[in-house]
Each structure stands twice: as C-alpha cells, then as structure tokens.
1. Could you rank the peptides A:179-191, A:218-230, B:253-265 by their average count of other C-beta atoms within 10 Å per residue, with the highest value first?
2. Could you state the principal axis extents of the C-alpha atoms in the stretch B:113-266, from the largest down, to the nearest angstrom?
3. Averaged over its residues, how many other protein chain Cβ atoms are within 10 Å of peptide A:361-367's Cβ atoms?
4. Taking 60 Å as R0, compute the FRET efficiency from the Cβ-Cβ separation of B:Arg81 and A:Val442 and round it to 0.05.
5. About the Cα centre, and with charges only on the beta carbon of Lys, Arg (+1) and Asp, Glu (-1), how big is the dipole of chain A? Nearest 20 debye, please.
6. Long-range amide H contacts for A:Glu208: which residues qualify at under 5 Å (H placed 1.01 Å from N, peptide plane, sequence gap of 5 or more or a different chain)?
7. For the residues A:Thr46, A:Thr160, what sequence is obtained by ranking on other C-beta atoms within 10 Å, fewest first?
8. Hey, what did chain A get for relative contact order, percent, Cα under 8 Å, at least 6 apart?
Amino acid sequence: VTVRVGAAAVLLSIVAGAEPGVAQGLRGSATGTARYYDLRPIVRDTAPRAEVTQNPDGSFTWNGIPVTCTDVTGCVYSRSGERSSIVALTQDVGFTAWGLGLRGLSVTALLRARADVGGDITWPRSDDAFDAILAYAELNRGPLRARLGRQRATSGLGFTGFDGASALYEPYAWLELEAYGGRSLARGLNEPRAEALRPIEDFVLDREVYLVGAATRVRPWDGTAVGVRYQREIWASRSGLVSERAAADFTTSRLAPVTIDAALDYDFAFGRIGKAHATARAPLGRGVVLETTARRYLPYFELWTIWGFFRPVAYHEAEARATWRATSEVTAWITAGWRRYDEANATVILRPLERDGVRASLGGLWHAAPNLLVDASYRIEHGFGAFLSSGDASVRWEATPQLAFSLDATAFQQIEQFRVGEGMVWGGGPGFDVEITPTIGVVGGASVYHQSFDNRPAFADWNQVRAWTALRVGFGRDPGQRRAGVAP
Amino acid sequence: MTSAPLRARAWWALLIIAAAAVAGSVVLAADATDRFPHHRHARLFPLCTGCHAGIEAGERAQFYPPPDNCTSCHDGTTEKRVEWDGPRPYLTNLAFEHPAHQAVAVARDGAALECEQCHSVSAEARMTIQRANPDVCLSCHGHAATDHFVNALCETCHVPLVETELPAQRLLALPEPTDHYATGFVRELHGAQALATTQRCATCHTRERCLACHVNAADVTQIAALPPAPRDWIVPSYTAHYPEPASHLAPSWLERHGAAASRQECATCHTQQDCTTCHAAPAPEVVATLPSRGEVSAPGAGTERQPPPSHASRFFERDHAALAAASPESCAACHQKQFCADCHDAPLQPSYHPRNFTVQHASAAWGRRLECSSCHEVRTFCRACHVQLGMRTEGRLDPGFHDAEPLWLLRHARAARQGLESCTSCHNQRDCLQCHSTLGAFQVSPHGPDFDARRAQKRNPTICFACHTSDPLKGTP
C-alpha cells in the first residue's frame, strides 16, 4: 500500500509541479458512484429426518421443500435469509497529463478508492480501500510508443496487468511490433498474486510472477490485418510457469461487401485451443445484414490452480444473426445459435447430462422521435442445468440536450443451475442523466425487482430495491478535439 | 433606457437618411424627365436629327448639339442667355444602340422606326418627349414578361454589370427582383435560373457574389462564365447564406450522409473543415476531394459535432463492440484510437458493462458468450459476493445447493467439465480436493483420458503436489 500511495503521490506531484509554460495539458475525470442494493442471502437449515419423504427419483422433500439428505450432514435445505443491504461508494480519478517538458511524454493514471458505508454485506473489492489501477508514463516519438509503470496489455488473452515496461514500434504503416514485460498482477485485481489471492485461496506461492510478451500486427493490404501474440508468466523462482499462451486474430474486408474476422487463443501447457471464432458479415440488400459465426469456447485457468487439470470441455457453436434496418428509424434483429459440448468422459449416473444448448434472441430499436428512443429485446436460452427466458424494454426521452430520462423494464428467469424450481424476476425503474455543464454530469436511477419462486416454498417472494447515482466531473480537454466547447 | 445623446444621434441618422432619400429621388426623377424644353422649340426644329445628328450613326459625340447652337439664339439679346456647356455624361447599363436597333427594325418591318415611337409621350403635342422607358421597350419586345425585373430577359436590353459605366452609388441602388425574396430562392431557384442563363445574373452580379457562398465555385461552369469585378472595384462583403437542404433534415441523415457524399454533392456548401469537425484522421477519402477553407472565398456552411442516434440507445454501451467490429471505419469517422483506449486500454472511464448489469450477470455468465475471467479474477471477484450470499460450501461434501439433482455429488462431473467457470465462482480448490486428490476421500482422478501429464508438468511441476504427495510421473518414461 505504501508503494502504491507513493507512486500516486509521485505522479500527482509531477502533474502539479510541471511548468505551466510548456503547454501543459491535462485531461481526465473524477467519477463518484454510490450504490444501494437489497439482498437476501441464502442460508442453510436442517429438516427433521423423520419428516422427510423420499421421492421415486431418489430425491427428498420436506413439506414440499427439496432437501438433501446424507448420512454425514443429515437433511439440509436452503432458504431465504433476512433482508440485507449494501451501501458502497466508489471514487475513480483518471487523468492523462502531457506537456511535461519533453515532447511526446505523458502520464496516465487511474486511481480508485472504495468504501462500504453501510449495510451488512461487503461490495466486491471494497475491503481494498485504494487501488492504482493504472499509473504509467508514456513516451510517443514518431513510430515508437514506450510505457513505464503500472499498465495492462489488452488482447485476445484478456486484460493482463503488470508493473513494468512496454514498447510499441510501428516502423511502417502496415507493421506493428510490441514487446512488454514486468511483474505480473492478478487479473482484475491490480495487485501481485501472492498479496491478492493468499487470503482467499490455497496453493498461492509467496512469490512474485513475472510476465513477458510480444506481439506483431501486420496489415498487408487495406482492410486486412493479422495479429499474433505470445505471452508467458513465470514464478520469480523459475520453478514453473503460471501461463504460456498465444493468440492470433485476423480481419479482412477484401471480399467486400463481405467482412470476415476470426480469432483464437492457444494454451501451450495443455496443448489445446481455448476460445476461437470466425465471423462473416454480408449485406443482403434492403437494409438486411446477415452475420454468421462459428465459435469454440473453452475456459482458461492459470497453471497455479488445479482447475485446468480437471479437463474442462469446450463447446462449439454455430450462430446466425440478421439485422434489418427497416427504415431510418426502425432497426430489428434476430439471432439464433446451437451449441454442443465435447464429450466429457464422465460416468453417467441415473441419466446423462445435456450436451446440447440452443439460444435465440430478437430485438428492435425505434426512434419514435428525434428525442425519443424505444428499445426492446427478448432472448431464450436452453442449456445444461438451466433455462433462461428474458425480456428487456426501455424508453429514453431527451427532454433537452442536457436532460434525459429513461424508463427500463425487465423480466427474466433467474438462473438456478441444478436447482429445483424456477425463479422469476420482473421489475424496472426510472433513470436520469443530467449534464449540468459540458464537463459535469449526474446520472442515477432506482429500480425495484420482484422476485418470485415456483416450487420452492422455502424461498419467499420479495421485492428487491436497487438505487445508484454517479457524479462525473471532467477536467481538462481532449487534445484530439478540434473545436472548443465540444464535450469530450 | 436610452440616453439623451443616443437619442440625438438617432434623430440625426434618420434626418440624414431622409435627406439622402429625397435627394436621390430628385436625381433619379431628373434623369427620367426631359430637361430640355423640346416642346417650346417644336416649331424651330423640324427634325430631331438637326440637333441629334449622331443618333442614326451611333456617334456619341454628336448625340447632342454643340453648346454654340444654343447660344446662337440664347445670347442674352435675342433670347435670354442660357448656360449650357454640353450634355452631362450619360451613364447607363443599357445595351441599346440606335443604329443596331434601327437595323433590326428595318429588317423586320421594312422601315426604320421614328424617334417619336419611343420618345414621344403619347397624346401630347409634337416634341413632347421623354426618355424611352422600359414599358416602351417591352411594348415591342413582346416576350412573356409580366414583370420587368423577374420575367424579362435582362440581357436583351442591359449589358453585364462589369461593363456598365454606372457609379457605385447607382450600382448599389439597382433594384432587387422580387423573385429573389421567394421562398427557396437561394436553395433551389437561383441555381436553376443560373443554369438556364447566367446573363441575367450578370446584369446585376459579378462572380464575386457567387464566390461568397459557393465553396465549389471553381467547378461550376455558370459561375466561371460570370465576369469578375474589375480590379479597381471595391466589392462589398457579402453574407453567405446556406439554407439546409431537405435531405439534411431526415432523422437518419447523419448516419447515411456518407453514402451520398461526393465533391459534386457536398462542395457547394461544405469545405474539408466542415467534415473534419467530426471525422477524425484518417478521414474518408471523399473529404480530401473537397476544397479546403483556405483555398476558397466562401466560409462553408459549418458543422456541429454531434453523436449519431445509435449512441442514444440504452444498450449502446453493451452493444457497441459488435457495431465496432462490424464497421470499425464508422467509429473511426468520429473517434480517434485513443478514444477506445480510454476504456479498453487506459480506462479513464472504466465502465464496460451496461449500468445495472448485476441484475442479469448470472445469465450472462451462464451463457458464456464472453469470458468473465478475461477481466475478473473469478476466485475473488465472484466468490466475494457469492460466499456472502450463501452460495458456498460448508463442511465436507456439503450438499444442499444443487438440490435438483439427486446424487449430485456422484453426478457433478459432467456438469463440472462443461461449466467449470461456474464452479469456481463459488467453490475453492480445497472443496474439490476433498475427493480429487491422493489424500482425498475417494482419490478420484479429474484429468480425463487424453491428459498429457508430462506436458503440463514440464511447465509447472509444483502444481502436481496440490493433489499428489509425490511426483506422479517419477519412474514413467
């Protein structure tokens, strides 16, 4: 924490102390968000064994409530707990400063502070009061971009944060070369793994992890680009790798009007392709665009966990999507996909688990008036262990360019994987968006969701309240803007 | 409240304007009336050409008699003295020449026109004359003119403005045709009229009038045909008018304008700078074909940067990735690469999911279109909430949660392999190791039939000891 606070202090002092006479510029924003959530945790309870009935399929019920009975645990079941709440505050401050006396030098930082100010439940990560998510200096000189500090590499391998250095070199307009390395951070946590994960997980070595990576991107023709990336993370003790992966992507519009993009990642440790997709899009005329996708999905787990060794299986999916722009005010789309999971090679007991899944959705967008937008969608999905039916609708009305109101409604089936009963949620609420000045805005909203449960008497229907508001204050201006007074 | 000095100045201004108006009227009226009392000389001069000898030949020097002709009688003795030193310069923009006009009349009618036919006031005595007025011209030039300023063919009688001898004062006082005030004149009518004939325009305008508005003046033949003002003229500074075409008012215009964009379609009103107000570099190719503001006299219509309607969608934040992937050039029209990097690389605005995403995050995670772990550390980010909400394991082989499946513990393997991410959002590794380790209750191997143990061990041998008490590959080839 001391290091992080120190780094932030150094960055701030650089910005504050820079000579104003050297065309100093600063662009950034501060966003404070407050959230309130109602929640009812699930609690375990026990049922008297003598009153439990065993059903023909082997399951147990007690007064209509599904219970699970073993010799070890007795008969237990889950039910709704008491209403709890969360009141959490998040404050983000992000900025880029330039004009620090050296041409092409800038400093970027994104700092986040969190606090739980009420309620019984901790908002995720709010036990960590302060994070320097990004804090790096960047030097742009012609075809070279170099960064030093806390940064992240964004690619088909996900977001990889690290404290270190990176260089991006573009010797020609058609070629990019990138290399980076440093101390690896736990994904999404912006902290060294040992520090971030040890309190909650076993098998976390008390060692640093180092990251190295390289990438290249080639644009051989207009409208065509190919990228390849290799990345590995290794324990500081060199006792083993945490990850060794590669990713490739390809996009082309050379077959215009058909455009194609494809990507995949590869895990060297297990010798298998993780996620991959290939998508082709083509306009069919009369405002219709057809998009077809073939997709493979296999989750990735780092080598310091046991999960990757459990041989997760991939699903392969074919999906089609048609978008129809009926008029300039009305757009509709429909999509459908079918997937199949690879053979899991697991023993079948009682009955096999579904390996197939389907999903479909449709929606539309209607500009009822220049300042009135109606948006609605519905999707249905059937897969192993659960079924989803979900609909959304929203209306957004811009009373003035600075003031907008929205009304959202949603209804969906709550995902209850491998659980008896069906949960239904419906509700919605109003929202607002006020631009007080071009750089100061307030957004907020509140919603109420009614959650009901079928076939699950231990879970009482209830209304959940959610509310949130955020104040965003922008400062500085976008150096890319050509006109003063245009909101960044 | 208006101060007294201001009021005084206003009165002076009104007075000057009124005086100028009266004086102007007198001058113009004098121009139109006969200053020489022809009728009093009716019996003295039998022929017009006696004094206006040069008319028939078109010799301007002899249009009027020399002053000596007057003083021969008006010498102060025979007749009272008259001070006349010759005619004032006759400044006009008329294209009329007497000899040519007579030639046409002779060719058409077989006889020359008499002076009285144009200059005599009808029903008056002989030599009650006037200058020929437009109505007289139009009485013979019988085209369909109903309005001298609108329907007449100006060039029939008038020379282009640049050829006139009229002083600036009279140029500025040239009457404005009533059709110039018609609705849609600037937007539609004037262009059609100019296409039909630029000569009408040239009667009152020089090329500079077009250059004041037309960005693409160099492309327009009709404008090029219009003579420019002589260099010694001081051309007024005209105000550019850019009425918005009907097409621009369509709700989807902003999204569709790219398809219709061309120099021919846009450059009448727009410069490159109008495009680059919104289009970030590299701008579409058509932008470079438009004239730059520095190259032309016209200022261009000007544009305001504004987001397209799609951005107003509540779901845009969530759906923009697909749009961006489908048409990155569309994004690049307005956004620079850094704009994307603000969130995706160096997030100054760290919001990826739509607002209130947590309501449906369970279904999104279950659908697995996106990989949550690309950005989130599942073991902390997901479990932090799930464990607090009761979705956790308590004790050894805790059943309870997945109660739809009898014998869940025996049947969970396939579900785990198909949805292992979901498992890890609630369970930690120790939960699994209760059975899946050499020290576990059942010592169930989780590896599967095609597990390449050596390959995995080569990259991280330490993880083997999470389940195995000794090197599982020791002694194997």
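1. Packing proxy ranking, top to bottom: A:179-191, A:218-230, B:253-265.
2. That gives 74, 36, 23 Å along the principal axes, largest extent first.
3. Taking the mean over all residues of the peptide, I get 2.
4. 0.05
5. Details: 52 positive and 52 negative charges, 251 e Å.
Computed charge dipole of chain A: roughly 1200 debye.
6. Under 5 Å from the amide H of A:Glu208: A:Ala236.
7. Values: A:Thr46 13, A:Thr160 21.
Sorted ascending by nearby Cβ count, the order is A:Thr46, A:Thr160.
8. Values: 1200 pairs, mean separation 47.3, N = 488.
Computed value for chain A: 10 percent relative contact order.
Each value in this text was obtained by applying a stated rule to the coordinates, not by laboratory testing. Please read all numbers here as calculations on a predicted model, not as lab measurements. Heads up, the Cβs are rebuilt from the backbone with ideal geometry, glycines too, and the neighbour counts pull from every protein chain shown.
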